[in-house]
1. Considering only C-alpha atoms, what is the centroid distance from the range 103-129 to the range 141-174, in Å?
2. Debye sum, Cα scatterers, the range 1-78, no solvent: what log₁₀ I/I(0) at q = 0.22 1/Å?
3. Between GLU208 and LEU16, what is the label-point separation in nm under the 7 Å Cα-to-beta-carbon projection?
4. Compute the accessible area per residue over the range 68-213, keeping the other protein chains in place, probe 1.4 Å, unit Å².
5. What residues have an amide H closer than 5 Å to that of VAL180, excluding those fewer than 5 places away on the same chain, when H is modeled at 1.01 Å from N in the peptide plane?
6. If each DSSP helix of 4+ residues adds -39,500 (n - 2.57) and the sum is divided by the residues in the chain, what number results at 222 nm, nearest 500 deg cm²/dmol?
7. Pull out the extension gain between LEU110 and THR171, defined as 0.36 nm times the separation in residues minus the alpha carbon to alpha carbon distance; nm, one decimal.
8. Apply the Karplus curve 6.51 cos²θ - 1.76 cosθ + 1.60, θ = phi - 60°, to the phi angles in the range 264-276 and return the couplings in whole Hz, x for Gly and Pro.
Amino acid sequence: MKAIIAEPPQKNSVRLIEIPKPLPKKGQVLLETLCVGIDGTDREIDEGLYGTPPRGSGYLILGHEAVARVEEIGHKSGIFSEGDLIVPTVRRPCKENCLNCRIGETDMCLTGNYFEHGIYKLHGFASEYAVSDANFLVKVPTELEDLAVLLEPLSIAEKAVSQSFKIQERTRWDPRKAFVVGAGPLGLLTTMILRLRGLEVDVAATREKDSLKAKIVGSVGGTYINVRQTPIRTLEDKYDMVIEATGRVEAALETLTLLRPNGVMCFLGVYREKKACEEFGNVLTNIVLGNRLMFGSVSSNKNHFEMGIEDIFEIKRRYEGVLNNLITKKTYVTDYKKAFASERDDIKSVIYFK
Ligand SMILES: [Zn+2]
């Protein structure tokens, strides 16, 4: 079968190879992959910054945003039928099976010894067939087949938003206005969820006001801010909630000053720049004197995927084709390289296996 692999930490190692079809073990399901979405993590693995092959393998099969059909059910899985449409979650329990992994909340793993399909010590789904534990697959209604590839990134946004609301149960909180920094797939999906929750949403990014990203923000009733014309530090509005999805230290620090008292800010980026903050004392004082709260959020679990399915239906109902507009590039597996090349107005690239 065809598989898209990488050999981290080598740079530009992504290529297509032929390998034998995998066999499901007890509790596993054999999946026939329909498509995979490519995101920043996949590109970082290709750059050699990230990614660890499974033990004993010289390469890592990529792909953690997948849509597949159940091809064959391993012994005693019992949850699925052959032909079911599924989206796999990414993270699997740690070796120690910690408190959180034990209840399926692998995204909150305590030990760091978890496994992640297509990223860390487990093969991904960018191959014609793949195997995965039946307990970590999410069944998707067939009418969502064309949009299900957005479910994994949507689950990340669902976790960020639901945890923000959960955390804010610490006080009386009536959020009106949210700020999303970054208009990649994650920023745009977060914007849509926040709109469904009834918030006014401002979205800041670097593209022009007539770009596709800006248009998508407008089409769900958000306000787009081009930070090249209006830098974040010059904004006068304040926000109850901020979601940082750029991974840029400067954007994160500037945004901190826009948080209202009792507000909450969620960080979703991986901040690779090693920058010193000269006024860190002021940052901390600002947090204390306003009861402000900052937290990080990574990965997601089945619950967040289930929330995502409900919200896809609601987004379709309210904003029609907006989710389809996020998928800007579709390629067949033999043309996989096109999906890794990032062009200016790209949002989400998808590689099809069928
Ligand atoms: Zn764990």
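The values are calculated or read from the model by the stated rules, or taken from the named source; none is laboratory data. Predicted, not measured: the structure shown is a model, and the values here were computed from it. Methodologically, a virtual Cβ is constructed for each residue, glycine included, from the backbone with ideal geometry; neighbour enumeration extends over all protein chains shown. All accessible areas refer to the heavy atoms of the entire protein, side chains included, with ligands and DNA or RNA removed. Shrake-Rupley method; radii C 1.70, N 1.55, O 1.52, S 1.80 Å.
1. That distance is 19 Å.
2. -1.08
3. 3.4
4. On the way: 5830 Å² over 146 residues.
Roughly 40 Å² per residue, with all protein chains present.
5. Long-range HN contacts for VAL180: ASP202, VAL203, ALA204, ILE243.
6. Using -39500 (n - 2.57) per qualifying helix, the result is -7500 deg cm²/dmol.
7. On the way: separation 61, 0.36 × 61 = 21.96 nm, distance 2.69 nm.
Result for the pair: 19.3 nm of gain on full extension.
8. Karplus values, whole Hz, x for Gly and Pro: 10, 10, 10, 9, 10, x, 10, 8, 7, 6, 9, 10, 8.
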